[in-house]
Structure formats: C-alpha cells, structure tokens
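Presented below is the structure to which this report refers.
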Amino acid sequence: EPEVTQTPSHQVTQMGQEVILRCVPISNHLYFYWYRQILGQKVEFLVSFYNNEISEKSEIFDDQFSVERPDGSNFTLKIRSTKLEDSAMYFCASRTDSNQPQHFGDGTRLSIL
Amino acid sequence: QKEVEQDPGPLSVPEGAIVSLNCTYSNSAFQYFMWYRQYSRKGPELLMYTYSSGNKEDGRFTAQVDKSSKYISLFIRDSQPSDSATYLCAAEDNQAGTALIFGKGTTLSVSS
C-alpha cells in the first residue's frame, strides 16, 4: 500500500540552526500538509499546500517556517532559526482531494539542543 | 473556537472486551470525522473516515457520529492486545481550509 515517507526519522540540531524536514507524499496526491506534535500534546496543524502554494497556515507557522515542493515528489518544511520550543514530532500528510482523508507519515523527531 | 475534546485515559481492558472511545467537538461547521490509531513513535494511521452523522462499520471497528450532540465515538469489538495504542479523533470543516483538528488522544491498553 502506498505510504507517505519522511526523512530523517530523527534530527538533532543546535538552537539557531536551520533545519529541513523532507517528505515524499503518496504519488497521486495533490494536497500536502505539515503537522507537529509536542510530547504529550495534541497533533497541531501547521500548513497546507495545494497547487504549488500555501492554502492555509496556522498561527504557529510564522516567518521562521517555509514549505516547498522542489520537484514532483518531495515536499519540505524548513525552519530557518530553530528554537528550543521547536522540539517536536513533525508529521507530513497528503491526500488526493478535499473529500478524502489525509494519510500521515511516521514523522521526524526534531530535537533542538 | 475550533476544538475537539477527548478523554486521554489511560483505558485498560481485558482481551475480548468491547471498547468505547469518545470525543466531543464545538464547531458545528465540522463535516468530516476521523479516527486515527497511533503507536508509539509512529504517525497517525487512518482507521475510520465518516461524513456527517451516522454509523460506519469496518470489521471490528464502528465509528458513530451524532452531529446534533456534537459527539463522535469509536467502538472496538473483541479487542486484541494489538489494539493497544493511542486513538486520536479528528474533525474538519472542509470549507475555507482543510486542516484537521485533533483531540488529544486516548491511550488504550488491552491485556491478554
């Protein structure tokens, strides 16, 4: 069964450094998402992306964050200058259209030191 | 405010028990309701996806949505130790945006 894949599974970064999290959505999906889950808390929406542009973003998704679909298969989340509070699991999700469910990857655990 | 509330548990049951997991929500614009299962250090895995009110069954799992009371449920029949996981309910309004709003998750433990 097709699945969303995310790399790396674990990223350790010094505070203030830039980090890029990578995702390969399911191949025929058109809508892409990033969510995060801080340990012990809810899964929170960050951003959605469709037709090569951001369609919605949350208050969490400030100027430190950006997303890109650099080619036909990858979808990336960049955090420009990481903070301690960015430590979380980051999940990528995708779906075929807005009437279908979102499918999630296994996440990248981001640890900021 | 968009909120989905879920009792975090933990919930412990013996193998074979019927499990009932519940969520409430406040936004009457929510149209789609989902249940995801999440194992430790893994991503949410879709279990059930329903539109509007009613029941949906898939094997041992039944999802129920009551929009009049803003209540969503997941029933697991003949629970197995492999069902031990965290269960997340989620909803979306599918209007201006397509963001899922998640509950905090209920941790279920099924003992053999």
The conditions are (1) out of contact with any strand residue (DSSP E or B) (no Cβ under 6 Å at 6 or more places or on another chain); (2) small (Gly, Ala, Ser); (3) modelled with pLDDT of 95 or more; (4) at negative phi, and A:Ser66 fails exactly one of them. Which is it? (1)
So which pairs qualify, if the first residue must be in the stretch A:10-30 and among the basic types (Lys, Arg), the second must be open to solvent by 50 Å² or more (accessible area, probe 1.4 Å), the Cβ gap must be under 9 Å, and the two must be at least 6 apart or on different chains? A:Arg22/A:Thr5; A:Arg22/A:Thr7
Every residue from the stretch B:67-106 that is among the hydroxyl-bearing types (Ser, Thr, Tyr), open to solvent by less than 60 Å² (accessible area, probe 1.4 Å) and away from chain A (no Cβ under 11 Å): B:Ser73, B:Ser79, B:Ser84, B:Tyr87, B:Thr106
Kindly provide the set of residues from the stretch A:1-24 that are modelled with pLDDT of 95 or more, in a loop (DSSP other than H, G, I, E, B) and within 13 Å of chain B (Cβ to nearest Cβ), ordered by number. A:Val4, A:Ser9
Which one is nearest to the other protein chains (Cβ to nearest Cβ), of the residues in the stretch A:82-108 that are out of contact with any Phe, Trp or Tyr (no Cβ under 8 Å at 6 or more places or on another chain) and outside any loop (DSSP other than H, G, I, E, B)? A:His103
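Take residues that are among the polar types (S, T, N, Q) and touching an Asp or Glu at 6+ places or on another chain (Cβ under 8 Å) and tell me which of the strands (runs of 3 or more DSSP E) falling wholly in the stretch B:22-112 contain 2 or more.
Where strands (runs of 3 or more DSSP E) fall fully within the stretch B:22-112 and carry at least 2 residues being among the polar types (S, T, N, Q) and touching an Asp or Glu at 6+ places or on another chain (Cβ under 8 Å), they are B:106-111.
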Residue under question is A:Pro25, and the condition is that it be within 28 Å of B:Gly105 (Cα to Cα) and surrounded by 18 or more Cβ atoms within 10 Å (Cβ to Cβ); does it hold? yes
Could you list, in sequence order, all residues of the stretch B:43-68 that are polar (S, T, N, Q), modelled with pLDDT of 95 or more and closer than 17 Å to B:Gln6 by Cβ? B:Gln64
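Looking at A:Leu39, A:Leu84, which is the one that is exposed (fewer than 15 other Cβ atoms within 10 Å of the Cβ), at pLDDT below 95, of a type in the set (A, V, I, L, M, F, W, C) and more than 18 Å from A:Pro2 (Cβ to Cβ)?
A:Leu39 is the lone residue from the list that is exposed (fewer than 15 other Cβ atoms within 10 Å of the Cβ), at pLDDT below 95, of a type in the set (A, V, I, L, M, F, W, C) and more than 18 Å from A:Pro2 (Cβ to Cβ).
The values are calculated or read from the model by the stated rules, or taken from the named source; none is laboratory data. Owing to the predicted nature of the structure, the values given are computational and were not obtained by experimental measurement. Please note: Cβ atoms are built from the backbone with ideal geometry, for glycine as well, and neighbour counts cover all protein chains shown. Only protein heavy atoms, including side chains, enter the accessible area calculation; ligands, DNA and RNA are left aside. Shrake-Rupley method; radii C 1.70, N 1.55, O 1.52, S 1.80 Å.
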